[in-house]
Amino acid sequence: MDTNVIGRFWASPDEYEPQTPRIKRIVVLDLTEESNGNALGIGLADITTERLFSKIDFKKTFVNCFTSTWPETAKIPPFLPNDRDAILMAVRCCGPVDPKKAKIVRIKNTLELEYMWISESLCELVRQDKDLLERIEILGDPEEMQFDVLGNLVR
């Protein structure tokens, strides 16, 4: 995960956390094939899935975390059975918020940010902000997240 995108570093107790982006919860649903099981950075997430956990090559992950001298980045967050459960738990862990009003951003990964899915409540904020509208193009109408029978996002 690119720390500049997620706004979390947590590599050192002395490290400051930036003011923006202000992200309350990060859910990491899966590892890319290119990671080859290296889950370095998973410690920056709040919640993950059993699918991701099952793909972790702990030897590679630990070699990388010790080489970087930041073992914190390899800590494993709670992992839930599927994407739906992980996303819902993240919203729930934000405190008293109506899930329909939650401001959620879904990205493919922190390296590919050209397209992203944003929740309806966040879409409304973008539409009301002239500066954001100059930088963000809304490509479609709001739609529900689609999950398969196992509770995983249909990508």
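I'm told SER68 meets every condition in (1) at pLDDT below 90; (2) among the hydroxyl-bearing types (Ser, Thr, Tyr); (3) touching a Pro at 6+ places or on another chain (Cβ under 7 Å) except one. Can you identify the failing condition by its number?
(3)
Filter region 100-147 for residues that are among the polar types (S, T, N, Q) and modelled with pLDDT of 90 or more and give the result.
Within region 100-147, SER119, SER121, GLN128, GLN146 qualify.
Can you pull out the residues in region 26-38 that are part of a loop (DSSP other than H, G, I, E, B) and out of contact with any helix residue (DSSP H, G or I) (no Cβ under 9 Å at 6 or more places or on another chain)?
THR32
Restricting attention to region 39-47, does a residue exist that is surrounded by fewer than 17 Cβ atoms within 10 Å (Cβ to Cβ), closer than 25 Å to ASP2 by Cα and touching a helix residue (DSSP H, G or I) at 6+ places or on another chain (Cβ under 6 Å)?
No: zero hits.
Which residues, taken from region 101-117, are more than 14 Å from the chain's Cα centre (by Cα) and closer than 20 Å to GLU144 by Cα?
LYS101, ALA102, TYR115
Looking only at helices (runs of 4 or more DSSP H) that lie completely in region 39-155, which have at least 3 residues being among the aliphatic types (A, V, I, L, M)?
Helices (runs of 4 or more DSSP H) meeting the threshold: 83-92, 120-128.
If you go through region 55-100 one residue at a time, how many are within 18 Å of the chain's Cα centre (by Cα), more than 16 Å from ASN38 (Cβ to Cβ) and not acidic (Asp, Glu)?
Total satisfying the criteria: 18.
The values are calculated or read from the model by the stated rules, or taken from the named source; none is laboratory data. Remember, it's a predicted structure, so these values are computed and weren't measured experimentally. Cβ: placed from backbone, ideal geometry, glycine included. Neighbour counts: every protein chain shown.
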